[in-house]
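A short write-up of the structure that comes next.
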Amino acid sequence: MKNRLKGTGVAVITPFKNDSSIDFKALEKVIEHIISGRVNYLVLLGTTSEAVTLSQEEKDAVVSHVTEICNRRIPVVIGIGGNNTRQIENDILRTDFTGISAILSVAPYYNKPGQKGLYNHFKIISEASPVPVIVYNVPGRTCSNLEAGTTLKLAWDCKNIVAIKEASGDLKQVMEIIRDAPEDFLVISGDDLITLPLIALGAAGVISVLGNAFPAEWSEMVRLALKGNIRQASELHFKYLELIELLFADGNPAGVKAAMNNMNLCSNSVRLPLTPAGRTTTARISAIMADLKLVP
């Protein structure tokens, strides 16, 4: 399973209709688009999916729909995380893991636990989960940083924790994890913008937002980088540099949905409290896509 989590994972969006209901027809279109781009795995119910605005019934419906469409062609990872450890444990126990290869669990947010609390939180999750666990560190959203020492202790103590999605932006922290983790522990970039340098340092790939719209190009960049062909990978990386920044200018996933709307994959609708990308951002995304000949 660890080998199947190398390369490009895509943090899949949840398409909405204009009335804010889930557009399952568009979701199928998006999944086929992503899989045809030769990515390595899908990640459902993460930040980019707007999972915090989905009811439990909607989450279950998304997972059921995608696993049926995917039909085990590539692994499917689902997000199960939060800031109530016992609730997450209960959520894991109630989950049907048919067709699910791993879970992605974000560090607790808002209650700002210390390192001991973070360690025990993820240890309980690893013990409850029947599938491998990817820990997700994103201090910009959670207000708590899973420090390198804590990540390494989890990696060595909890065999079911197989990877970390690192989105701290702290290269020193990431390098310490790569250097001192078990040989088969995966460090996965949580930020498209710094994926290439992280792979050069030893990271195993990315869980990507950009890959929703441009799976073929971005997964090729990652494959080239993992093979050590940094020059060619750099060409693709720099090609998408400005576009990546724009995707996050008005909040994620507003930017990538604007790009995908240009490609007739889904609408640009998001759920409050997010709002669609503004006119300036949308126009700039459209212009760059046209310049790069990325519009079908």
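The values are calculated or read from the model by the stated rules, or taken from the named source; none is laboratory data. Bear in mind the structure is a predicted one, so any value in this text is a computation, not a measurement. No Cβ is skipped: glycine too gets one built from the backbone with ideal geometry, and neighbour counts run over all protein chains shown.
For residue 258, are the conditions met, namely being more than 29 Å from residue 2 (Cα to Cα), crowded, with 17+ Cβ neighbours inside 10 Å and touching a Gly at 6+ places or on another chain (Cβ under 6 Å)?
Values: more than 29 Å from residue 2 (Cα to Cα): yes; crowded, with 17+ Cβ neighbours inside 10 Å: yes; touching a Gly at 6+ places or on another chain (Cβ under 6 Å): no.
Answer is no for this residue.
From the residues in segment 107-131 that are in a helix (DSSP H, G or I) and hydroxyl-bearing (Ser, Thr, Tyr), which one is nearest to the chain's Cα centre (by Cα)? Walk me through it before giving the result.
First, pick out the residues of segment 107-131 that are in a helix (DSSP H, G or I): 115-128.
Checking the rest, the ones that are also hydroxyl-bearing (Ser, Thr, Tyr) come to 119, 126.
Numbers: 119: 22, 126: 19 Å.
Among those that are in a helix (DSSP H, G or I) and hydroxyl-bearing (Ser, Thr, Tyr), it is 126.
Here are 32, 68, 28, 58: which of them is in contact with a strand residue (DSSP E or B) (Cβ under 7 Å, 6 or more places away or on another chain), surrounded by fewer than 18 Cβ atoms within 10 Å (Cβ to Cβ), modelled with pLDDT of 95 or more and among the charged types (D, E, K, R)? Steps first, answer last, please.
On the way: 32 fails: in contact with a strand residue (DSSP E or B) (Cβ under 7 Å, 6 or more places away or on another chain); 68 fails: in contact with a strand residue (DSSP E or B) (Cβ under 7 Å, 6 or more places away or on another chain); 28 fails: in contact with a strand residue (DSSP E or B) (Cβ under 7 Å, 6 or more places away or on another chain).
Checking each option against the conditions leaves just 58.
Only one residue in 124, 134, 188 is buried (at least 20 other Cβ atoms within 10 Å of the Cβ), among the β-branched types (Val, Ile, Thr), within 20 Å of residue 91 (Cα to Cα) and modelled with pLDDT of 95 or more, so which one is that? Step through it out loud before you land on a result.
Numbers: 124 fails: buried (at least 20 other Cβ atoms within 10 Å of the Cβ); 188 fails: within 20 Å of residue 91 (Cα to Cα).
The unique qualifying residue is 134.
State yes or no: is residue 147 modelled with pLDDT of 95 or more and surrounded by 21 or more Cβ atoms within 10 Å (Cβ to Cβ)? Steps first, answer last, please.
Details: modelled with pLDDT of 95 or more: yes; surrounded by 21 or more Cβ atoms within 10 Å (Cβ to Cβ): no.
No: the conditions fail for residue 147.
Can you tell me which residues in segment 85-106 are touching a residue at least 24 places away in the same chain (Cβ under 8 Å) and part of a loop (DSSP other than H, G, I, E, B)?
Of everything in segment 85-106, those that are touching a residue at least 24 places away in the same chain (Cβ under 8 Å) and part of a loop (DSSP other than H, G, I, E, B) turn out to be 97, 98, 99, 100, 101.
Take segment 50-65 and flag every residue that is within 15 Å of the chain's Cα centre (by Cα) and touching a residue at least 60 places away in the same chain (Cβ under 8 Å).
Result: 50, single match.
Among what's in segment 269-296 and is closer than 21 Å to residue 239 by Cβ and part of a loop (DSSP other than H, G, I, E, B), pick the residue that is modelled with the highest pLDDT.
The selected residue is 277.
Are there any helices (runs of 4 or more DSSP H) wholly within segment 132-180 with 3 or more residues that are more than 21 Å from residue 80 (Cβ to Cβ) and without any contact (Cβ under 8 Å) to a residue 60 or more places away in the chain, and if so which?
Working: elements: 139-142, 148-157, 171-180.
Where helices (runs of 4 or more DSSP H) fall fully within segment 132-180 and carry at least 3 residues being more than 21 Å from residue 80 (Cβ to Cβ) and without any contact (Cβ under 8 Å) to a residue 60 or more places away in the chain, they are 148-157, 171-180.
Which condition number does residue 226 fail, the rest of (1) in contact (Cβ under 8 Å) with a residue 60 or more places away in the chain; (2) within 20 Å of the chain's Cα centre (by Cα); (3) surrounded by fewer than 21 Cβ atoms within 10 Å (Cβ to Cβ); (4) over 20 Å from residue 39 (Cβ atoms) being met?
The number of the failed condition is (4).
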